[in-house]
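The values are calculated or read from the model by the stated rules, or taken from the named source; none is laboratory data. Here the structure is a predicted model, which means the values were calculated and not measured. Cβ atoms come from the backbone with ideal geometry, glycine included; neighbour counts cover every protein chain shown.
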Amino acid sequence: MEKTLKRYALIFTLPTVTAFAFAFMIPFLQGIYLSFCKFTTVENAVWMGLNNYKTAFSQGQGFTKALGFTAAFTVVSVLTINLLAFTIAVLLTRKMKGTNLFRTVFFMPNLIGGIVLGYTWQQMINAVLYKYGTTIVSNAKFGFWGLVILMNWQMVGYMMIIYIAGLQNIPTDLIEAANIDGATPWQTLIRVKIPLVMSSITICTFLTLSNSFKLFDQNKALTDGAPMKKTQMLALNIYETFYGRTSYEGVGQAKAVAFFIIVAAIALLQLSITRSKEVEQA
């Protein structure tokens, strides 16, 4: 049976490989090529060398400022989302009444679209700020923390479900052994539970890291980069460069390629660090 599968492996995988090539690899490689060209359509691309990349990283493009804002937002979001999600998961894995209801309630925000969330939270935050004579787009700090709150509200429930699955997978024998040895609840959490849910931590950190860096629709709806593009994130900066300025399609494409390299490098580094700390269960 195994020999037969190996013999016909190419036939079985060919449809998937073909679909992957046409839907991802060919557009991806074409996008890299276009990042070195000046174009308005794919047919009229003219080779420009590294000019697009020089322009993309020039001071007037705002790409480096958007990168700094995105990096700060990502660090805060990854820490707050995972801390809140893990804390709630620990509480909901205890023997309490109504835990299933709480899990459902916490997970529901993840089902709402980013644009809807952005405009909804904009109205709620402004309703509070109006009392003090200001709005979310009048100060970059308000926009920053507004995005952090929105991202937490949307993703904490999703990460919580992953952490709950990891915590429930811990053998009860280990918890009982720790209790018999006189370990406090805090010691059991730090020395037993957390090392055994490192695989869940790896997944949650990767998801929050990549989603925070790629954030677009919530940023567009909540602040649209205001004031003066101080709350503009990388995805929104690329979008406005590509679609908002004539003859800057090549620069926008160069930014997109640089964006991909940055996100991929950080995500791979994070995966290698957290995976090295994972503990295999016997």
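Here are some notes:
- Top-ranked residue in segment 87-98 [being surrounded by 14 or more Cβ atoms within 10 Å (Cβ to Cβ) and either over 22 Å from the mean Cα position of the chain (by Cα) or part of a loop (DSSP other than H, G, I, E, B) (or both); ranked as modelled with the highest pLDDT]: Val90
- Residue in segment 131-138 that is at pLDDT 85 or above and not in a loop (DSSP other than H, G, I, E, B) present: yes
- Verdict on Gln123 being within 30 Å of Arg275 (Cβ to Cβ), assigned by TED's automatic domain parsing to the domain that holds Ala66, free of Cβ contacts under 8 Å to residues at least 24 places away in the same chain and of a type outside the set (A, V, I, L, M): no
- Only one of the listed residues (Thr231, Thr202) is touching a helix residue (DSSP H, G or I) at 6+ places or on another chain (Cβ under 6 Å) and over 30 Å from Arg94 (Cα atoms). That residue is Thr231.
- The listed residues are Phe107, Phe142, Phe102, and the only one of them that is aromatic (Phe, Trp, Tyr), within 23 Å of the chain's Cα centre (by Cα) and within 25 Å of Tyr163 (Cα to Cα) turns out to be Phe107.
- Within segment 112-124, the set of residues being in contact with a helix residue (DSSP H, G or I) (Cβ under 7 Å, 6 or more places away or on another chain) and over 14 Å from Asn152 (Cα atoms) comprises Ile115, Tyr119, Gln122.
- Among the residues making up segment 125-171, a single one is closer than 30 Å to Arg94 by Cβ and out of contact with any helix residue (DSSP H, G or I) (no Cβ under 9 Å at 6 or more places or on another chain): Gln168.
- Entry remark, segment 33-70: residues being part of a loop (DSSP other than H, G, I, E, B) and hydroxyl-bearing (Ser, Thr, Tyr) number 4 in total.
- Test: residue in segment 223-237 that is buried (at least 19 other Cβ atoms within 10 Å of the Cβ) and farther than 29 Å from Leu84 by Cα: yes
- Residue list for segment 249-282, filter: without any contact (Cβ under 8 Å) to a residue 40 or more places away in the chain and outside any helix (DSSP H, G or I): Ser276, Glu280, Ala282
- Selection status of Leu215, in the same structural domain as Thr64 (by TED's automatic domain parsing), buried (at least 21 other Cβ atoms within 10 Å of the Cβ) and not in a helix (DSSP H, G or I): yes
- Output for segment 171-183, where each listed residue is outside any helix (DSSP H, G or I), free of Cβ contacts under 8 Å to residues at least 40 places away in the same chain and not small (Gly, Ala, Ser): Asp181
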